[in-house]
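Novice: Got a structure for you, questions after.
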Amino acid sequence: MSVLDRERTQRTSLERQLADHQKTSDQQRQQLEVELTQTKQQIKTLAEQIAIQQNQLKDKAKTVDNPQKRGQIGKIAGKSDILSQLAILLSS
């Protein structure tokens, strides 16, 4: 086998390795994109659940006679509003 033949063989081998690596990288990128989309959807669902719970807390606060407890419930509802907004930001 001549030097030229060995170089061609080596070049062909390196080209195959590069093609395989690019294919693997593309597959990994696609998988990460799918996982990111799923994660964003999960975060969006959590944001919706937080918003529902926040509204329930606000409604409950209206029925509580004790002003101190009503204030505590309001603080919790306010914190859940921050969590809901954060979740919405993360999902976009």
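Novice: Pairing the Cα long axis of helix 3-63 with the longest principal axis of the chain, what angle in degrees results, from 0 to 90 and rounded to the nearest 10?
Specialist: In the chain, helix 3-63 runs at an angle near 10 degrees to the longest axis.
Novice: Give me the percent of Cα-Cα pairs in the range 1-70 that sit more than 20 Å apart, rounded to a whole number.
Specialist: Everything past 20 Å amounts to 66 percent.
Novice: Something else now. Treat every Asp and Glu Cβ in the chain as -1 and every Lys and Arg Cβ as +1, leave all other atoms uncharged, and give the resulting dipole magnitude about the Cα centre to the nearest 20 debye.
Specialist: 500 debye
Novice: Restricting to lysine pairs 8 or more places apart or on different chains, what number in the range 4-91 have Cα atoms under 25 Å apart?
Specialist: Lysine pairs satisfying the spacing and distance rule in the range 4-91 number 14.
Novice: Let me ask you something else. Per DSSP helix of 4 or more residues, -39500 (n - 2.57); summed, then divided by the residues of the chain. What does that give at 222 nm, rounded to the nearest 500?
Specialist: One gets -34500 deg cm²/dmol as the mean residue ellipticity at 222 nm.
Novice: Where is the GNM fluctuation largest for the chain (alpha-carbon springs, 10 angstrom cutoff): D59, D81, D20?
Specialist: Taking springs between Cα atoms under 10 Å, the residue moving most is D20.
Novice: Considering the dipole of the chain built from charges on the beta carbon (Lys and Arg +1, Asp and Glu -1) around the Cα centre, which of Q31, T12, L90 is farthest to its positive end?
Specialist: Going by the Cα projections, it comes out as L90.
Novice: Given a cut-off of under 8 Å on Cα pairs at least six residues apart, what relative contact order in percent is computed for the range 3-91?
Specialist: Computed value for the range 3-91: 33 percent relative contact order.
Here, each number is a calculation from the coordinates, and none is a lab measurement. If you're wondering where the values come from, they're calculated on a predicted model, not measured in any experiment. Every residue, glycine among them, receives a Cβ derived from its backbone with ideal geometry; neighbour counts consider all protein chains shown.
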